[in-house]
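Computed from the coordinates by the stated procedures, all read-outs in this text should not be read as laboratory data. Computed from a prediction, not measured in an experiment: that's the story for all the values here. Note that each Cβ is placed from the backbone with ideal geometry, even for glycine, and that neighbours are counted across all protein chains shown.
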Amino acid sequence: MTITVIDPTNANAGLDFEVCVDTGAIFLTGLPFGGTWSGNGILPGGYYNVIHDSSFQFIYSFGSGNCETNDSVTLLVNPLPVVNAGIDTNFCIDDVIQNLSGNPANGYWFGNNINTNGDFDPANAGAGDHTVFYSFTDTNSCENIDSLVITVNPLPIVNAGNDTTLCNQPGAVYFTGQPSGSGGTWSWSGIHMDTLGGFDPDGIGTFDNIYTYTDANGCVNSDTMSITVIDPINANAGLDFEVCVDTGAIFLTGLPFGGTWSGNGILPGGYYGVNIDGSFDFIYNFGIGNCLTTDTVEVIIHPLPIVNCGNDFSLCISNSDTVLSASPIGGFWYNSNFIDSLTGNFSPSNAGVGIHELIYQYINPITHCLNSDTISITINPLPIPSFSFDSIICINNQSIFNNQSVNSFNNYWEISNGFNSNNQNLTYTFSDTGFFDIKLINESSYGCYDSITESVQVIKPPSAIISLIDSGCGPLLVDFNNSSQGNYLNFQWDLGNGQSSIDSLPDPVLYLSSVYHDTTYYITLIVNNLCGIDTAFDSVLVNPSPSSIFATDLDIKCSPDPFLFIQTSYGNPDNFYWDFGDSSFAIYTDSSSSSGFQHVYYYNGQYDTTYTISLITENECGSDTSYHTITVLPNQVYAFFNTNLTSGCVPLDVDFTQYTTPNVSFSWDFGDGNFSTQYSPTHTFYNPGTFQVSFAVNDGCSYDTTYQTILVNPLPNVNFGVSDSILCEDETFYFNNNSINVSSDWSFGDGNTSSLTNPNHSYQDSGSYMVLLQVTSLINGCKNADSMELISLIKPIPNITATPSFGCMPLNVVFNNNSNNAAYFNWDFGDGNNDNFINGSHTYLNAGNFTTSIIATGLNGCQDSTSININVYPLPLSNFDIAHTDLCYPPATVNFYNNSSGANAYNWYFGNGDSSVLVNPTINYNAGTYNVILNAQNIYGCESNYDTTIIVYNTPIANFIVSEDTICLRDSVSFESISLFSDSLSWNLSNGITYSDIYFNYQFQDSGYYPITLYAYNTTGNCSDTSNNNLYVYVKNSPIADFNFINNISPIEPRAGVIEFFNQSVFADYYEWYFDINDTSTLENPVYSYSYNQDGYYSFKLIAIADNECKDSLIKQIYVSFEKGLFVPNAFCPEHTNPELRKFMPKAIGLRGGLDDYHLEIFDTYGNKIWESRLVQDGQPVEWWDGTFNGELLMQDAYVWKIKAVFKDGSIWDGKEYSDQEKVRKTGTVTLIR
């Protein structure tokens, strides 16, 4: 092992040194760097905090092991010198410059308002506390500082009071200056003024008086008050006058104006409420203080005259006029249009139903006082008579008359036949017919009468009687006779033929006969009235006329067949006469033999012949004839006919004409299964073939038949089709003809034709077209045709316009669609966008050339299209930057830097009315908000705008006003900012209170001077200002009003007494008291007598006033009431241990205390008075009976008491109430218990 030995590096702690004890932290540095320190309180890195004065040794170590070396350094910490600036002191603000001295000497002073030599100027420093400092450095260069507080006291604010005016009247007037207390001293000086402030006028003129005050700090100040002495103005209450007691409120006016009135019941302003009669003196006071003068006026208040117009009464409205009387005479009536004001004549009928208040008024000719009395006259209505009844009454039937009267109390009925009744309703049965009067008399509950009379008729039931002819030939006209009897008859006829009537005599009736036999008609008459019903019956027999009727078994026969005759005549015929038309006749007299016989006609001619037969029937009512025709045929007939065609194409129409003898029967057989019975028919053969037609005739006697052959050829077959039956306009239809062995002719329905076998065709117009194909057979020449309906659908006609068709992007193009026949649209705008609107718009967002197309589709699916070109131009890009000076201080300069692209022209609008076309303009702005717009344009006229807002702010101007700069403590002061160009505020009231409102009220809690500072801010522009008007508020000390009182209640009068007031106000110099009913006082501790008419709270106000004119007030309420009562016990025990039970003493409250107002007497059972008392104190008895007489305790017994008592309000005690006897007595008994 090799050991290398080297020289050690010596540690060097440095030189010893000194510091002061207030040096704080120090750092020791040793060499070489990198060593460590040790010692009391030092850190290895050399940090040491000096906190004590002494000598300290620290070691610096460097290296390690046997290479470690050490060195030490000594630190001497010196103490600070002891410095004393002196005790705190104070000066008055008007003192001379004061020189201060510190200890040790030869130091120096510093601080506000003091120089290094210690000279302090109180006036320059101003009122308040000022801290000054004294510094001294000792020989060790250690410095120490001491301070003291110098209080500069302001001069007291002295106020001698406002200049005033006094009247030249004897007697001193005392004045109080402010301040007058708070530990200071004061005095007055001046002509006629003593040191205590008493001024005794002695001649007119103006006199200056000085008030000097020295406060507790020894600071002195004074103030001057001028007193002008003038001659007093005499009060004039005016002349005495008289009024009536009902005058109400009167106002007394004195001279000069502005004085006050006093006297019993009058208010200071001269208001007096007249309510009692008598003579009253009122005093007019003018002036105040020593200028007060008075005058008296006498007011005589007369009573009203006593007026009586009698008691109220009532009348019926039907009563005659009434004359009213009243006293005293000589007055007049009013309040009604229905009374004579002078005579008192009153008309009930004119006044009408109701209560009429009439007033009688009288004026005393001596006092001219007016009074009135009122009488109520009730005008009662009459009853309203009414009854319901039947005006027609049946004899011997009970009739009821229902009373429907109004306001009826009693009812009286009278009938003109002498019958009377007092019932509510009248019930009566009449035994005679005729007219009768019914009278109803009503009496009301008021004794008023009225009546009504009605008439009735009494009738009996009806009797029905009729007469008429009994029979005759029809039609038979019948008259009716009506002999029915009765009143108010109603008729109901049944005339037997379905007719009816309600007439008294119906019109004559025509009765019809039957065609076959006799007819009986039954007539009924029903007669009724309200009393009954009756019926009469009768009949009429009506005979018919004959009717001739006959018939034969056949109308046509061959000769010589016989004809059978049957007759069915009716109407009761008696005779029958036959004429057979072939010159032969027959007569019958009964119906049976005239029917059911035969007659033969013989005829040999070539043609048929006709015979007319007649039958005549008759009876007593007439005759009738009937006719009938028959035909007689020969025995031979021939058939023959011809045709217009014998061959043709199906369907083939053939006309057949016959030439046969008339009056025969015939028939046709066309050979195709069809037949006919027409005379000469036309027949259509619908099928091809050969047909044999036959014609047969028969006249009933013989027959014949003939024949004809008809050839019918077939039609060619028509067969064709089309590719589509419905196509759009201009589209081609393709036809396919499948007909065989024919030639073809086409008609397309639009005027075009073709003879091609398979043609093609298109339609230029829309519509429905009938296509006809007609073919002709190449074999038999027959033709046939067929048709088909084709539809040519209408096509849309697209038509569009664009507005605009070119422009700047984004270009909004409005497309107007004028297409016809279209319902659906598909737009392609050429920019990748589509739409399906009818009319609409599209915005092209990019520049370029675009082809816009539209496909129009109709409701039928047909389509067509068209297109239009749109050109969209690009926009320039507008943009700029700005640079400006401070915007808080106008005018501000703004530079604009144009960053636009794609533009070749520019328009600047600066928002202040200026504009520019420069690329980069510069402009100056005053305060305001400006919207700057740059409009950039390109060669297409396209433009874009860029805008920004520039705000140049007005610098705020902080300013404010206050409502008052001098106020009393607890008064409020109003602060109002009149700052300009600010949006927020901050108030500093110098008492730690801040506000931010524009306007506010504040009440300072302490007196003193308060400098006010207002900071105004424009927060948007970060601008501000501070008020510099050096305004302050001086808050004067204010008195505090307070008082207590003692209410001494009167023992005699109710609600009366004397209140003693004890003033406990502080900081006050004089006082104003306001008692209820406007009484006042300026004494410090007044005594007030009161007397009130009713219970309640009454207010008393104290205003405390200081010499600095500050005031405070306090109102307290005193409850005044009057309680009265008297309780008498019914037993006592003189030997009881309870003192209250040992004596007999009534308990009372509110008693009046006069000798004649209260008297208690005690008697024994024999009526001997054994004790009495009259003494009352504080409203209650104070003496009691102890149960003795002449000093001896009496025996147990009941003793009689008797009490007379009067209360304070003058009312007399009613006595003790005995509930068991329901009586009140002023006497009673008390039981003495032993």
Excluding residues on the same chain fewer than 8 positions from LYS1116, give the lysines whose Cα lies under 16 Å from its Cα.
-> LYS1101
Under Stokes-Einstein, segment 880-952 at 37 °C and 0.692 mPa s, with its Kirkwood radius over C-alpha pairs, diffuses with a coefficient in µm²/s of 260
If you find the alpha carbon centre of segment 345-380 and of segment 177-223, how far apart are they in angstrom?
-> 75
Given a Förster distance of 25 Å, the FRET efficiency implied by the Cβ-Cβ spacing of VAL406 and SER376, rounded to the nearest 0.05, works out to 0.55
Where labels lie 7 Å past Cα in the beta-carbon direction, separation of ALA785 and PHE313 in nm = 12.5
At a Cα cut-off below 29 Å, give the lysines reachable from LYS460, other chains included and same-chain residues fewer than 8 away excluded.
-> LYS439
Stokes-Einstein D for segment 241-302 (4 °C, 1.567 mPa s, Kirkwood Rh from Cα pairs), in µm²/s, comes to 109
Report Rg(Cα)/(2.2 N^0.38 Å) for segment 313-380, keeping two decimals.
-> 1.15
ILE800's amide H: which non-local residues (gap 5+, or another chain) put their own amide H closer than 5 Å, with H modeled 1.01 Å from N in plane and none for Pro or chain starts?
-> ASN818
Could you run the Karplus curve 6.51 cos²θ - 1.76 cosθ + 1.60 with θ = phi - 60° over segment 670-679 and give me ³J(HN,Hα) per residue in whole Hz, x for Gly and Pro?
-> 8, x, 10, x, 10, 10, 7, 10, 5, 5
How large is the convex hull of the Cα atoms of segment 1125-1232 per residue, expressed in Å³ as a whole number?
-> 112
Highest first, please rank the peptides 1160-1170, 355-365 by the mean number of other Cβ atoms sitting within 10 Å of their residues.
-> 355-365, 1160-1170
When the chain is fully extended, how far beyond the present Cα-Cα distance does ASP653 get from ASN345, taking 0.36 nm per residue of separation?
-> 98.3 nm
With a 10 Å Cβ neighbour count serving as the proxy for reagent exposure, in which order, fewest first, do SER513, SER484, SER189 appear?
-> SER189, SER484, SER513
May I ask you to derive the FRET efficiency for LEU255 and ASN1044 from their Cβ-Cβ distance with R0 = 45 Å, giving the value to the nearest 0.05?
-> 0.60
Cα→Cβ-extended label distance, 7 Å offset, between LEU292 and GLN398, nm | 10.0
Label-to-label distance, nm, for residues given as SER990 and ASP1214 (7 Å Cα→Cβ offset) = 7.4
For segment 17-78, what does the equivalent ellipsoid look like in terms of its semi-axes, each the square root of 5 times an eigenvalue of the Cα gyration tensor, given largest first in whole Å?
-> 23, 10, 9
Among GLU1135, GLU943, which comes first, second and so on when ranked by fewest other beta-carbon atoms within 10 Å?
-> GLU1135, GLU943
Before rounding to the nearest 500, sum -39500 (n - 2.57) across all DSSP H runs of length at least 4 in the chain and divide by the residue total; then give [θ] at 222 nm in deg cm²/dmol.
-> 0 deg cm²/dmol
Nearest-0.05 FRET efficiency for TYR108 and ILE961, computed from C-beta distance (R0 51 Å) = 0.65
Given Cα pairs under 8 Å that are at least 6 residues apart, what percent is the relative contact order of the chain?
-> 3
For segment 1-149, just the Cα atoms, rotate onto the principal axes and tell me the three extents in Å, largest first.
-> 96, 23, 20
Under the definition of Cα pairs under 8 Å and six or more residues apart, what whole-number percent is the relative contact order of segment 1043-1120?
-> 29
In what sequence do SER314, SER372 fall when counting other Cβ within 10 Å, fewest first?
-> SER314, SER372
For the chain, what ratio Rg/Rh do Cα atoms give with a Kirkwood hydrodynamic radius?
-> 1.30
Reachable lysines, given that their alpha-carbon falls under 25 Å from the alpha-carbon of LYS1169 and they are not under 8 places away in the same chain | LYS1143, LYS1147, LYS1202, LYS1204, LYS1216, LYS1223, LYS1226
Above 17 angstrom, tally the Cα pairs of segment 470-570 and express them as a % of all pairs, no decimals.
-> 64
Separation of alpha-carbon centers, segment 54-95 and segment 493-510, rounded to whole Å = 163
Roughly speaking, what is the centre-to-centre gap between segment 1135-1152 and segment 952-1011 when only Cα atoms are used, to the nearest Å?
-> 71
